[in-house]
Amino acid sequence: MITFRDPSTRKMLLLLTALVLIVLLCAIGGIAQMLIIALLLAYILDPLVIRMEARGISRTAAATIILLTMTALIVIGIITVVPALKAQMVGMSSGESSAKTDLALANLQEVVRTKMGWLGFGDIDLKVKLAEFKASFGKRIVDFIVSDFVGIVLALVTIPFLMFFLIKDALTLKKGLIRIVPNRYFEFSLDLIHKMDQQLGNYLRGQFIDAVSIGTLATIGLGALGVPYFFLLGPFSGLANLIPYVGPFAGGIPSMIIAVMENGDLSAGGNVALLFLGLKLADDLCIQPLSVSSSVHLHPALVLATCIIGGNLFGLIGMLLSVPVTGFIKVVITESVQTLKAYRFS
Amino acid sequence: MKGLFVKKKAAHPEQDDAELLKVLKALPVFENLDRRELAAVLRILHEREYQPDEVVFREEEPGMGMYIIQKGRVMIRSEKGNLLLAELGDGAFFGEISLLDASPRSATVIAKEKSRIFGFFQPDLYGLIERNPTAGVKIVLGLSRLVCERLRQTNKRAYDFNEALQQMRQAPKQEKPA
């Protein structure tokens with residue numbers, strides 16, 4: 001039986017308490033988000049670093065190459081994508097709509113007035129409502145970017161550097177973590193870390209490849225269909241795809257609404273729906289079987305609950321990170337229980 | 001509490017490393033590694049310090065890898081028969097088969113005196129094979145040679161036992177006519 005008088009157990013408990021405190025402290029500040037993103041990136045890029053090491057490049061050099069590549073990509077992104085993104089966001093926040101949209105809205109309004117007047121929607125001005133919605137939605141995005149400009153710049157600088165050190169010192173950090181574990185729990189901890197590493201590595205890398213593939217395909221597809229704001233909607237679809245069950249809808253529905261509103265034609269929405277249906281099929285039949293070799297099964301209710309909690313705590317980023325983080329916690333608990341059964345702690 | 005977070009610095013780390021490299025080089029598992037490869041192994045070893053009567057691992061627990069005694073003494077016990085199977089001292093190693101198949105431990109190992117032991121584990125070996133395939137292959141070959149040697153010894157012992165058994169079976173037949 002494990003007793004609290006046992007020095008090893010006390011040391012383990014002390015260590016666990018310290019870890020919980022660190023997690024709580026991190027969770028309070030925005031640094032938690034940056035640390036989680038840097039950790040995820042370091043984790044995802046680890047096989048690349050190992051391949052470089054196998055070719056005789058030192059770990060530090062490999063981490064430096066990745067840091068420089070990431071910095072170059074961020075700079076290229078700022079130079080090329082930001083102006084297009086800015087134009088699309090400004091367009092959205094202005095609340096202006098095309099003539100086709102106005103026509104479609106007028107037709108829709110007529111239907112609402114004649115058929116749904118008895119519900120109290122007779123006097124509703126859909127054009128004004130749409131302009132208000134688009135303006136407030138766009139303004140919220142612009143406000144978020146402007147008000148959190150310092151935070152975004154800080155994140156763009158901090159995350160690659162945190163990732164660099166996490167890659168470079170991965171072995172030292174792992175050894176240092178295991179070093180403070182008492183002798184009795186040493187092999188157990190090592191076993192647990194190894195199993196978690198395998199499960200999580202496959203899961204996170206699979207999710208990353210899946211999100212990037214869907215994001216890229218959605219951006220190309222939406223761009224080809226002439227859907228405005230495709231630079232915003234495409235990557236958002238890729239990120240939303242991280243959330244099981246609701247993700248594909250969360251990515252597809254806004255694109256459909258915008259396509260219908262901008263073209264004033266329901267068929268435009270149909271084309272977008274077909275695109276997302278095709279993406280979903282490609283994801284289920286090709287991308288996921290190839291990329292997601294190990295999936296962490298999460299109950300739909302749990303996914304929904306974690307998305308709400310993540311969204312409330314950290315906003316959109318929290319919502320998107322909630323599923324991988326919940327997957328991580330599930331793997332930790334499942335593997336801890338299974339590994340613990342194999343050891344005879346007394 | 002202080003010891004939890006502050007890494008204890010060795011009095012002469014370079015001398016310690018040189019001593020440990022000497023110990024590693026003498027082991028059949030690492031005998032074919034060059035100095036650079038040995039240094040790579042050194043980086044993934046886990047240093048542990050055990051007090052007298054402290055358990056290193058228990059029989060039937062999952063085996064994660066091998067241990068190398070740099071300084072100290074351990075007892076290898078079978079819990080089933082409460083038998084002392086062996087005592088190992090400076091420069092000896094144990095649990096090496098777990099590096100290959102992660103099978104449950106066949107005996108319990110307890111420190112007899114204050115011992116400085118280094119652990120070399122399967123996940124780290126796999127990592128080394130990925131990062132430095134040449135060193136990894138040399139280690140696996142070293143392990144294979146060790147296992148072959150043990151198999152040869154076991155075969156010889158089985159042959160000897162079989163011979164003895166045959167002689168025992170034939171003995172009463174020879175005695176009967178008398």
Carbon and sulfur atoms account, in whole percent of the 1.4 Å probe accessible area of segment B:2-168, for 55 percent
Nearest 10, in degrees from 0 to 90: the angle of helix B:122-131 to the longest Cα principal axis of chain B is 60 degrees
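Going through segment B:55-159, which trypsin sites (Lys or Arg not before Pro) have at most 12 other Cβ atoms within 10 Å and a DSSP loop state?
Answer by residue number: B:80.
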Between chains B and A, the summed loss of accessible surface on complex formation, probed at 1.4 Å and reported to the nearest 100 square angstrom, is 2700 Å²
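Within segment B:2-168, how many lysine pairs that are 8 or more places apart, or on different chains, have C-alpha atoms less than 16 Å apart?
Value for segment B:2-168: 5.
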Interface call, segment A:46-65: threshold 30 Å², probe 1.4 Å, accessible heavy-atom surface of protein chains, chain by itself vs complex, result A:50, A:53, A:54
Counting only protein heavy atoms and rolling a 1.4 Å probe, one gets per residue an accessible area for segment B:2-168 in Å² of 56 Å²
Residue-normalised value, i.e. accessible area per residue, for segment A:189-346 at 1.4 Å probe, in Å², stands at 49 Å²
Percent of all alpha-carbon pairs of segment A:207-337 at distances over 26 Å, whole number, is 26 percent
In whole angstrom, the spacing between the Cα centers of segment B:53-117 and segment A:304-346 equals 35 Å
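How much length, in nm to one decimal, is gained on full extension between residue A:220 and residue A:246, taken as 0.36 nm per residue of separation minus their Cα-Cα distance?
On the way: separation 26, 0.36 × 26 = 9.36 nm, distance 2.19 nm.
Residue separation times 0.36 nm, minus the Cα-Cα distance, leaves 7.2 nm.
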Cα convex hull volume per residue for segment B:2-168, in Å³, equals 140 Å³
Losing no less than 10 Å² of accessible area (probe 1.4 Å) relative to the isolated chain, the residues of segment A:305-345 are A:342, A:343, A:344
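Which loop chymotrypsin sites (Phe, Trp or Tyr not before Pro) in segment A:181-270, with loop taken from DSSP, have no more than 16 other Cβ atoms within 10 angstrom of their Cβ?
Qualifying residues, ordered by number: A:245.
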Log entry: pair-distance distribution for segment A:141-263, C-alpha pairs binned every 10 Å from zero, whole % per bin is 11, 24, 29, 20, 11, 4, 1
Residues hit by the 30 Å² burial cutoff in segment A:167-190, accessible area with a 1.4 Å probe, assembly against chain on its own, are A:171, A:175, A:179, A:180, A:183, A:184, A:186, A:187, A:190
Per-residue average of other protein chain Cβ atoms inside 10 Å, peptide B:42-51 -> 3
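The values are calculated or read from the model by the stated rules, or taken from the named source; none is laboratory data. These numbers come from a predicted model, not from an experiment. Virtual Cβ from ideal backbone geometry, glycine too; neighbours counted across all protein chains shown. Please note that ligands, DNA and RNA were not included when accessible areas were found on the heavy atoms of the full protein model with its side chains. Shrake-Rupley method; radii C 1.70, N 1.55, O 1.52, S 1.80 Å.
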